[in-house]
Every structure is written in C-alpha cells, then in structure tokens.
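The values are calculated or read from the model by the stated rules, or taken from the named source; none is laboratory data. Remember, predicted model here, so these are calculated numbers, not experimental data. Please note: Cβ atoms are built from the backbone with ideal geometry, for glycine as well, and neighbour counts cover all protein chains shown.
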Amino acid sequence: MKKSLALSLIIVAVFSIAPTNTNLDRAADWSRLVTWARTSVALSNLPPELVVPALLPTGLQDAELLEAWVRLYNYTEPFELWDGQMLTGRALAENLRDQAIPVVWDVQRGCGNGSCVHQFCVGERCTHEDGQPGVDPIYIYPGHTGNMPALVATLAHESFHRAELFGLVHDSKFEEFWACRISAVFDAHAGFKFEGYDPLVSGYLILWVRDNGLTPYYALPNYPPVIAAELASAAAR
C-alpha cells in the first residue's frame, strides 16, 4: 500500500510539474512577443528620415533604449579625434551591435546617480567583462527615461568606452575627456566646457576636470599608456 501510494504521488507530481513548465515557456514566449510588439510600434513612430537598419542589436530589449541606438546609428557626420582619425555615431552603434553588448536600465543603481560600464582589472590590464558567461552590459541611468537627447548622448559616451580604443587599460582623464566631448554632440544641454582645454597637455586636463565639476575623475591617471608613450616620445625629440 505504501509503495502504491508513493508511485501515485510520483505520477501526480510528474503531471503537476509538466503543465507548470509549459506555462513558464508560454509566459516567456508571450513576454518576448510583447517586447517585440512594443519595439516594432516604437520604431514605426520614428521620424521618416531616420534609417532603421535591417540588422538590429539583440542586446537592447527596451523600446526606448533601442530608439536611442537607432538615433546614434543615424549620426553619420564624422567628428575628429585627437590623432586626426574620424569617428561617427554609426560606428559606435555598429560596434555595440556587432559585439552583442547589452544596454539595460540601471535599476539596481550600481552606477549611483549616473550611467556606467564596469571595468575589471588585474594589475594594469582591464576589461569590461567579469569572466562570467554572457557579455557585460552598459548600464543607463533610469532618470534619463523620456529624455531622448540625454539617452543618445549617454549611449554615445558609454559606447566610446566599450570601443576600447586605447586597449585593455584603466580608464583615464583623457578617455573621459573624449567620451564627454562625443556625448556633448548629441545633447546641447550636457553642460560640458571644452573650449580652451588642450587634452594633450596634462595641466589642461586637470583644469578641465576641475572646471566641469567632475571630481571622481581626479583619481584617474591622466593618460592611457599608449598616449603617455606618444607624448613622452614627442617631448624627447
């Protein structure tokens, strides 16, 4: 009798679990469908002059963040970097898409009252990956909800960091200067001052940090190693 009861309980348990898993699968499918529908509606409401590429990033599931990515993608006017090279918003957007870098709201406030990408360093080598499965995301400040210029500017800023133009190194004042300068292209109200500051002169970098109230940047090194080496080589000539 006990064996029979145990068998009955097992059978009941198996059949009780199966519908639950099915329901979870259906819920996940429904959630993906709702996300897709909201995204499609959001993109369909974009101005007609904006190009929506056929290949969209898979790491942006939020409609508002995806719109910010599309707007960044559509910025094709090049801006000149410190070495004369040109960079566009489209190049930054394509890098996010091609590297499958997620962009999410920082709902847990891991970045404090701002947006960020996390660095993980061993000695002088730093990456944006924590070694766990999956690609580490860009975290966007939730206070930017409903403010598209700020969203696009923030996405440009953090995308510049994730492009790792200086290699796998610590963040620096120089890198932040250029990330802020690029982001200011997309938000006229960003409030950063750049006029009169030569980022290739360390004293001006420190003044730029001070005058823009970017106190946390004081702790950063002035330059990434590749730029420091170029400056040292130029000074030795």
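Test each condition in (1) surrounded by 18 or more Cβ atoms within 10 Å (Cβ to Cβ); (2) among the aromatic types (Phe, Trp, Tyr); (3) closer than 20 Å to residue 189 by Cβ for residue 79 and report the one that comes out false.
Looking at each condition in turn, residue 79 falls short on (1).
What pairs come up if the first residue lies in the stretch 77-98 and is within 22 Å of residue 200 (Cβ to Cβ), the second is among the small types (Gly, Ala, Ser) and at pLDDT 95 or above, and their beta carbons are under 9 Å apart, counting only those six or more places apart or on different chains?
Matching pairs, first to second residue: 78/91; 79/89; 87/163.
Confirm whether residue 146 is under 17 Å from residue 62 (Cβ atoms) and over 14 Å from the mean Cα position of the chain (by Cα).
yes
For the stretch 148-169, does any single residue satisfy the condition of being outside any helix (DSSP H, G or I) and of a type in the set (Gly, Ala, Ser)?
Going through the stretch 148-169, the residues outside any helix (DSSP H, G or I) turn out to be 163-169.
From what's left, of a type in the set (Gly, Ala, Ser): 163, 167.
Within the stretch 148-169 (the criterion being outside any helix (DSSP H, G or I) and of a type in the set (Gly, Ala, Ser)), the answer is yes, since at least one residue qualifies.
For the stretch 133-142, does any single residue satisfy the condition of being within 10 Å of the chain's Cα centre (by Cα), closer than 24 Å to residue 231 by Cα and at pLDDT 95 or above?
No, there is no match, as no residue in the stretch 133-142 is within 10 Å of the chain's Cα centre (by Cα), closer than 24 Å to residue 231 by Cα and at pLDDT 95 or above.
Could you list all residues from the stretch 136-161 that are surrounded by fewer than 15 Cβ atoms within 10 Å (Cβ to Cβ) and either of a type in the set (Val, Ile, Thr) or on the phi > 0 side of the Ramachandran plot (or both)?
Once the filter is applied, which keeps residues that are surrounded by fewer than 15 Cβ atoms within 10 Å (Cβ to Cβ) and either of a type in the set (Val, Ile, Thr) or on the phi > 0 side of the Ramachandran plot (or both), the stretch 136-161 yields 145, 146.
When you scan the stretch 50-107, how many residues do you find that are more than 20 Å from residue 147 (Cβ to Cβ) and charged (D, E, K, R)?
Here the count works out to 7.
Spot the failing condition for residue 61; the list is (1) closer than 19 Å to residue 178 by Cα; (2) surrounded by 15 or more Cβ atoms within 10 Å (Cβ to Cβ); (3) of a type outside the set (Gly, Ala, Ser), and only one is missed.
(1)
Pick from the stretch 219-237 the residues that are assigned to a helix (DSSP H, G or I) and touching a residue at least 12 places away in the same chain (Cβ under 8 Å): which of them is surrounded by the most Cβ atoms within 10 Å (Cβ to Cβ)? Spell out how you get there, then give the answer.
Let us first name the residues in the stretch 219-237 that are assigned to a helix (DSSP H, G or I), namely 219, 225-236.
Okay, now just the ones that are also touching a residue at least 12 places away in the same chain (Cβ under 8 Å), so 225-227, 231.
Numbers: 225: 14, 226: 12, 227: 19, 231: 16.
By that ranking, first place goes to 227.
Given the structure, is residue 171 more than 23 Å from residue 60 (Cβ to Cβ) and buried (at least 19 other Cβ atoms within 10 Å of the Cβ)?
Yes, satisfied.
Condition first: in contact with a Lys or Arg (Cβ under 6 Å, 6 or more places away or on another chain), aliphatic (A, V, I, L, M) and within 24 Å of residue 104 (Cβ to Cβ). Can you find one or more residues in the stretch 57-64 that meet it?
yes
Name the residue that is nearest to residue 153 (Cα to Cα), counting only residues in the stretch 48-105 that are of a type in the set (Gly, Ala, Ser) and touching a Phe, Trp or Tyr at 6+ places or on another chain (Cβ under 7 Å).
Going through the qualifying residues, I end up with 89.
Out of all the residues in the stretch 175-200, which are over 18 Å from the mean Cα position of the chain (by Cα) and touching a residue at least 60 places away in the same chain (Cβ under 8 Å)?
Passing the criteria: 199, 200.
Here is a list of conditions, (1) exposed (fewer than 13 other Cβ atoms within 10 Å of the Cβ); (2) outside any helix (DSSP H, G or I); (3) modelled with pLDDT of 95 or more, and residue 203 meets all of them except one; can you say which number that is?
(2)
For the structure I just gave you, tell me whether residue 135 is part of a loop (DSSP other than H, G, I, E, B) and within 27 Å of residue 198 (Cβ to Cβ).
no
Please verify whether the stretch 181-200 includes one or more residues that are of a type in the set (Ser, Thr, Tyr), at pLDDT 95 or above, surrounded by 12 or more Cβ atoms within 10 Å (Cβ to Cβ) and assigned to a loop (DSSP other than H, G, I, E, B).
Yes, there is a match, as at least one residue in the stretch 181-200 is of a type in the set (Ser, Thr, Tyr), at pLDDT 95 or above, surrounded by 12 or more Cβ atoms within 10 Å (Cβ to Cβ) and assigned to a loop (DSSP other than H, G, I, E, B).
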